[in-house]
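The values are calculated or read from the model by the stated rules, or taken from the named source; none is laboratory data. Computed from a predicted model, the values in this text were never measured in an experiment. In this analysis, Cβ positions are derived from the backbone assuming ideal geometry, glycine residues included, and neighbour counts consider all displayed protein chains.
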Amino acid sequence: MTEFKIGLIKGYSELGIDCVAFTDDWGTQSRLLINPELWIEVFKPYYVRIIEEARKRDLHTYIHSCGNIYDIIGYWIKAGLNIINMDAPHQVGIERLSTYAGKICFNCCIDIQEVLVKGVESEIYTEAKKMIELLGCDDGGFIARQYPQLVHIGVKPEVGELAYKAFLRFSERPNSCI
């Protein structure tokens, strides 16, 4: 798989692509799928190689990974990962994620398991403000996103629109790392 992905990176760079994305879900609701030491021993070298290849070719790197992946985020950052996408940031905790603010760009939606599914306007606005304030800063940054499959999680389109408006409302706030 490593060689396959490196081959893709080489091909993408020749096409003028700016960023390569990988969808590697590594977490459960409470922890990594495997022992963190095993991940470090077996999988970390794989990520180092593919991220290095992308960086060598001036490509940004983006990984989607759901679950509580706190134990490996630092290794991805050290390898040079640019963007991490999480649809349920509460599994790690926004405050815990903020320890990496300024070191990586977070690409997150309003938490799909604890906030968005309830559809409570005040909670959605509070969440958007908190994410922008704690995760967004000049170095690294924060990309607010909509969850693309609202119907799959039982969320009505108007609730998705609330999330969009909440992010817009707080987007003009000055961002600084804690």
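Values for this structure:
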{"item": "Which numbered condition Asp138 fails, given (1) assigned to a helix (DSSP H, G or I); (2) modelled with pLDDT under 95; (3) not basic (Lys, Arg)", "result": "(1)"}
{"item": "Selection count where residues are surrounded by 11 or more Cβ atoms within 10 Å (Cβ to Cβ), part of a helix (DSSP H, G or I) and either modelled with pLDDT under 95 or out of contact with any strand residue (DSSP E or B) (no Cβ under 9 Å at 6 or more places or on another chain) (or both), scope the range 150-163", "result": "6"}
{"item": "Tabulated pairs, the range 1-19, first without any contact (Cβ under 8 Å) to a residue 24 or more places away in the chain, second outside any helix (DSSP H, G or I) and not hydrophobic (A, V, I, L, M, F, W, C), C-beta under 9 angstrom, 6+ apart or interchain", "result": "Glu14/Arg57"}
{"item": "The one condition in (1) farther than 17 Å from Ile143 by Cα; (2) in contact (Cβ under 8 Å) with a residue 12 or more places away in the chain that Ser122 fails to fulfil", "result": "(2)"}
{"item": "Matching option when the condition is within 16 Å of the chain's Cα centre (by Cα) and outside the structural domain of Ser30 (by TED's automatic domain parsing), among Leu81, Leu135", "result": "Leu135"}
{"item": "Test: residue in the range 123-130 that is closer than 26 Å to Trp76 by Cβ and surrounded by fewer than 21 Cβ atoms within 10 Å (Cβ to Cβ)", "result": "yes"}
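Each row is one residue, and each column tells you yes or no for (1) among the β-branched types (Val, Ile, Thr); (2) touching a residue at least 60 places away in the same chain (Cβ under 8 Å); (3) over 30 Å from Leu38 (Cβ atoms).
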{"residue": "Arg96", "(1), (2), (3)": "no, no, no"}
{"residue": "Thr99", "(1), (2), (3)": "yes, no, no"}
{"residue": "Asn107", "(1), (2), (3)": "no, no, no"}
{"residue": "Val117", "(1), (2), (3)": "yes, no, yes"}
{"residue": "Thr126", "(1), (2), (3)": "yes, no, yes"}
{"residue": "Met131", "(1), (2), (3)": "no, no, yes"}
